[in-house]
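See structure below.
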Amino acid sequence: MKPIAGKRILVCGKGGSGKSTIVALMADVLQKKSYQTLVLDGDASNPEGLIRLLFGLGVESEPRPLLEFFGGLGRVTCPVDDPSPLTRKDDSVPVPERKIDIAKEIPPEYTIQKNGIRMFQAGKIETYGQGCDGPVEKVVRDFIVEGEWVSLIDMKAGIEHFGRKITDTMDIILVVLDPTLESLSIAKRIERFCRESKRNTFWLILNKIDSKEMESVMMEKLGYLRSRVLGSVSYDPELVHKELSGGSLLEGDAHEEIAKIIESLERSLLEGESKKEE
Ligand SMILES: Nc1ncnc2c1ncn2[C@@H]1O[C@H](COP(=O)(O)OP(=O)(O)O)[C@@H](O)[C@H]1O
Ligand SMILES: [Mg+2]
């Protein structure tokens, strides 16, 4: 069974908590478990961050931003001013009504496919005075693809996507927490947003945990939210070195702690499904 197949997963949390790192490691594990894996870089403010973590420094050229595929800043609007769904340039049927067929519709310059993983970029801040990144977030909200693809979506820091209701088209929200009070406050705020929007499919991942004690402190401070924790990832200096030297996180064996987290997510989704059927 492949309970994560076809799901859109938004990965969010505090700046520097490890969102992009976790996305890259999750993509690796999912691909090795033979999920069709797609990664969408939804962080407009981080120029090359995720590509490097996935594929290392050696990537020939970056994929063109999907924002351009949809007609650029002149055409794609901010989701708060104009919540209407994204449409293709030459077609008025909204994307959520007829999902995107990646193989047929998306020209090769908009994607990188390497090590079995597909990667896209929603859009970046390219010029001084360009304006807000709302249109980029609209692309993130509505880039809904056909088929069994798991979409792993790496977001910028913070909680603005909830303010913009980007999360409405997501199946799963994962919040990455580093051991800080700020991460704990963000998780609590997100839990409230999920309650307000009647979403039950959100979970937490603890990252940069350097001891059992630290993990216990985090669990204690999470209070009733601790049942939402899928698992922990240890503090690993190797990850810092890899980032700094521009190495790919996809090399070598799959990350064991991340593999356990994926298994927990699969279990949670299956439990949710069986509860729905009861
Ligand atoms: N488990 C971990 N152990 C040690 N360092 C980590 C871990 N996860 C992430 N990092 C490091 O933390 C920094 C920020 O990670 P990044 O994934 O870019 O965060 P974000 O995308 O949330 O801003 C990077 O230097 C990264 O190597
Ligand atoms: Mg990041």
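Read-outs throughout are calculated quantities, based only on the coordinates presented, and are distinct from any laboratory measurement. Being a predicted model, the structure only gives us computed values, none of them experimental. Glycine gets a Cβ as well: all are built from the backbone with ideal geometry, and neighbour counts include every protein chain shown.
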Inset, instruction - Mind pulling the angle between the C-alpha long axis of helix 256-277 and the longest principal axis of the chain? Nearest 10 degrees, somewhere in 0 to 90. - result: 80
Inset, instruction - Taking the Cβ of each residue in 250, 10, 270 as the centre, tally the other Cβ atoms inside 10 Å and list the residues starting with the fewest. - result: 270, 250, 10
Inset, instruction - Mind giving me the FRET efficiency for residue 217 and residue 256? R0 is 30 Å, r the Cβ-Cβ distance, nearest 0.05 is fine. - result: 0.85
Legend entry - For segment 168-174, Karplus couplings with θ = phi - 60° (6.51, -1.76, 1.60), whole Hz, Gly/Pro x: 4, 9, 9, 8, 9, 10, 10
Inset, instruction - Pairs of lysines 8 or more apart, or on different chains, with alpha carbons under 26 Å: count those in segment 1-89, would you? - result: 9
Inset, instruction - Please work out the Kirkwood hydrodynamic radius for segment 8-277, using every pair of different C-alpha atoms, and report it in angstroms with one decimal place. - result: 19.0
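Averaging sequence separations of C-alpha pairs under 8 Å and six or more residues apart, then dividing by the length of the chain, give the relative contact order as a whole percent.
Value for the chain: 31 percent.
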Inset, instruction - Over segment 10-159, consider all pairs of different Cα atoms and compute the Kirkwood hydrodynamic radius from their mean reciprocal separation; express it in Å, one decimal. - result: 15.7
Inset, instruction - Using label points projected 7 Å from each Cα along Cα→Cβ, tell me how many nm separate residue 180 and residue 75, to one decimal. - result: 3.9
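Which value, in debye to the nearest 20, describes the size of the charge dipole of segment 152-278 about its Cα centre when Lys and Arg Cβ atoms bear +1, Asp and Glu Cβ atoms bear -1, and nothing else is charged?
It works out to roughly 820 debye.
Nearest 5 is fine: what % of DSSP beta bridges in segment 8-277 come out antiparallel, could you say? Don't skip to the end; give the middle numbers.
On the way: 5 of 34 bridges.
For segment 8-277, the DSSP antiparallel bridge percentage is about 15.
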Inset, instruction - Select from 175, 217, 29 the residue whose mean-square fluctuation is largest in a Gaussian network model of the chain (Cα-Cα springs shorter than 10 Å). - result: 217
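Sorted by mean Cβ packing within 10 Å, highest first, what order do the peptides 186-199, 142-155, 99-112 take?
Final packing ranking: 142-155, 186-199, 99-112.
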Legend entry - Most mobile listed residue (81, 168, 178) in the chain, GNM with C-alpha springs under 10 Å: 81
Legend entry - Under the Karplus curve 6.51 cos²θ - 1.76 cosθ + 1.60, θ = phi - 60°, whole-Hz ³J(HN,Hα) for segment 22-35, x wherever Gly or Pro sits: 5, 4, 4, 5, 5, 4, 4, 5, 4, 4, 5, 8, 6, 7
Inset, instruction - Please list, in chain and number order, the residues 5+ apart from residue 233 or on another chain whose amide H is under 5 Å from its amide H, with Hs placed from the backbone. - result: 206, 207, 208, 209
Legend entry - Simple Cβ-charge dipole of the chain, Lys/Arg +1 and Asp/Glu -1, about Cα centre, in debye nearest 20: 660
Inset, instruction - Could you run the Karplus curve 6.51 cos²θ - 1.76 cosθ + 1.60 with θ = phi - 60° over segment 128-134 and give me ³J(HN,Hα) per residue in whole Hz, x for Gly and Pro? - result: 4, x, 5, x, 6, 8, x
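Report the full-extension gain for the segment residue 270 to residue 189: residue separation times 0.36 nm, less the Cα-Cα distance, to one decimal in nm. Kindly include the intermediate steps, with their values, before the conclusion.
Values: separation 81, 0.36 × 81 = 29.16 nm, distance 2.61 nm.
Answer, rounded to one decimal: 26.6 nm.
Given a Förster distance of 35 angstrom, what is the FRET efficiency for residue 126 paired with residue 278, based on the Cβ-Cβ distance and rounded to 0.05?
0.10
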Inset, instruction - Please arrange 26, 1 by counting, for each residue, the other beta carbons lying within 10 Å of its beta carbon, fewest first. - result: 1, 26
Legend entry - Placed amide H near residue 202: partners under 5 Å, 5+ positions off or other chain: 173
